[in-house]
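For reference, the structure is listed below as structure tokens.
The values are calculated or read from the model by the stated rules, or taken from the named source; none is laboratory data. Predicted model only: the values in this text are computed from it and were never measured. As a convention, Cβ positions derive from the backbone with ideal geometry for all residues, glycine included, and neighbour counts pool all protein chains shown.
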Amino acid sequence: MCLFLDVLSLLLIFPVLMAPTPASMCTPLKTLSDNLSHRRRYMVRHNFPINYTIRVHQKEIFKLSNIRRMRLNVEGLDDLVLQRLWFQINQGVLKKIIRIMPERHPSRSYTAELERRFKDAEGVFVQSQPPEALQQELPQTVQDIWDRLTEEPDLVPESSWRFAFPKSLLDNLFHTMYCLFSECFSSEDAQQDYCEVSHWRKGRKKDLQPES
């Protein structure tokens with residue numbers, strides 16, 4: 001009887017762990033998306049020197065290609081693990097962008113607002129998951145990334161640092177958010193594959209077309 005109850009409890013928990021993105025996540029993520037839609041204005045135009053870059057950990061340059069490669073090569077990986085990693089990576093990215101801005105920098109208030117919206121989404125994410133989901137052991141590859149991101153900066157080898165444009169980092173945040181939380185951004189008109197680089201290239205070409 002005890003064995004039966006143990007198996008039954010696992011069956012009840014398993015669908016929760018594998019459930020799609022909770023509906024409660026969509027509101028803060030859409031708010032974050034709205035804020036990120038202004039990133040070109042605040043991260044490029046007149047607010048930074050030409051070709052200005054900041055130093056980040058190589059693992060903080062988290063692109064669609066990283067997600068695709070991990071899905072192919074990491075055993076035991078699911079979207080919940082990738083979502084947890086996405087929050088861990090991008091909280092560090094936003095802190096680094098804010099850190100290089102003086103108090104009177106014209107983009108500081110915008111970036112601080114982004115960080116607040118990001119923390120709101122992270123809070124809802126944590127609350128929407130059962131404790132078992134957030135306590136499950138990470139695949140070793142993901143755990144290694146996690147450990148490197150939480151190392152003291154002085155202990156990080158020089159070879160692990162990279163230089164990146166602030167806007168490029170926010171582009172990565174935006175694109176990977178749509179990929180990992182696609183259910184919040186799906187369109188009823190057409191099914192979009194937000195995890196494909198080609199999707200974003202098509203959108204960029206459309207944006208660059210001159211107005212008639």
Exactly one of ARG71, ARG84 is in contact with a Leu (Cβ under 9 Å, 6 or more places away or on another chain), among the charged types (D, E, K, R), on the phi < 0 side of the Ramachandran plot and crowded, with 19+ Cβ neighbours inside 10 Å, and that residue is ARG84
Among the residues of segment 162-179, is any in contact with a strand residue (DSSP E or B) (Cβ under 7 Å, 6 or more places away or on another chain), modelled with pLDDT of 90 or more, surrounded by fewer than 14 Cβ atoms within 10 Å (Cβ to Cβ) and of a type outside the set (D, E, K, R)?
yes
Per the list (1) under 19 Å from the mean Cα position of the chain (by Cα); (2) in contact (Cβ under 8 Å) with a residue 60 or more places away in the chain, residue check on TYR42 breaks on (1)
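Could you please let me know if ARG108 is surrounded by 15 or more Cβ atoms within 10 Å (Cβ to Cβ), of a type in the set (Lys, Arg) and over 17 Å from the mean Cα position of the chain (by Cα)?
yes
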The one condition MET101 fails out of (1) crowded, with 18+ Cβ neighbours inside 10 Å; (2) within 17 Å of the chain's Cα centre (by Cα); (3) of a type in the set (A, V, I, L, M, F, W, C) is (2)
ARG84 fails exactly one of (1) touching a strand residue (DSSP E or B) at 6+ places or on another chain (Cβ under 9 Å); (2) more than 23 Å from TRP200 (Cβ to Cβ), namely (1)
Exception for ASP154 within (1) part of a helix (DSSP H, G or I); (2) out of contact with any Pro (no Cβ under 6 Å at 6 or more places or on another chain); (3) over 26 Å from LEU77 (Cβ atoms); (4) modelled with pLDDT of 95 or more falls at (4)
Kindly evaluate PHE174 against the criterion of being touching a residue at least 60 places away in the same chain (Cβ under 8 Å), part of a helix (DSSP H, G or I) and either touching an Asp or Glu at 6+ places or on another chain (Cβ under 8 Å) or not basic (Lys, Arg) (or both). yes
Only unsatisfied item for GLN140, checking (1) touching a helix residue (DSSP H, G or I) at 6+ places or on another chain (Cβ under 9 Å); (2) loosely packed, with under 13 Cβ neighbours inside 10 Å, is (1)
Requiring at least 3 residues that are basic (Lys, Arg), under 18 Å from LEU173 (Cβ atoms) and modelled with pLDDT of 95 or more, the helices (runs of 4 or more DSSP H) wholly within segment 37-134 are 79-99, 108-128
